[in-house]
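So the structure is just underneath, and the comments pick up after that.
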């Protein structure tokens, strides 16, 4: 699909950082100033629904999602971790892995809800520093899958 934003291979710096890419999936550290550590696991081919994948492809994708979750929990120490696959706006299989904190801008709502508070600036800065460790941690978690 030519107009799908997740089908494109190029990633602008303001969109985030490519952490890992395999034959079927890629992992992005999303550049979200309110939610440091927010990652996205994206299926490379344009596929809209999980049931369009084979059982093996589903298992592979979910193993990657869980590896990212584990790495994010280990590095970021969130109060809660959200995993979501919506696709309403972008019907291309992708999973969001989002560390959440009781003092983040949207808590207790979803990451897409209305901002309800201002997160402490010092906490955001600390979390951005932690997020810098995610690429190595995620790569190690994926290597452990083999």
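Only the coordinates and a few stated rules stand behind these numbers; no lab work does. Just so we're clear, the structure is a prediction, and the values are computed from it rather than from any experiment. Note that each Cβ is placed from the backbone with ideal geometry, even for glycine, and that neighbours are counted across all protein chains shown.
Some points to look at:
- FRET efficiency for the residue 34 to residue 83 pair, using the beta carbon distance and R₀ = 22 Å, is estimated at 0.75.
- In the calculated pair-distance distribution of the chain, the portion above 27 angstrom amounts to 20 percent of the Cα-Cα pairs.
- Rounded to the nearest 10 degrees, the inclination of helix 55-76 to the longest alpha-carbon principal axis of the chain is 20 degrees.
- Distance between the 7 Å Cα→Cβ label points at residue 70 and residue 110: 2.8 nm.
- Take the Cα of residue 63, step 7 Å toward its Cβ, do the same at residue 18, and the gap between the two points is 2.2 nm.
- Nitroxide proxy distance, nm - points 7 Å out along Cα→Cβ at residue 46 and residue 102: 4.5 nm
- Helix 134-143 axis versus longest C-alpha principal axis of the chain: approximately 40°, rounded to the nearest ten.
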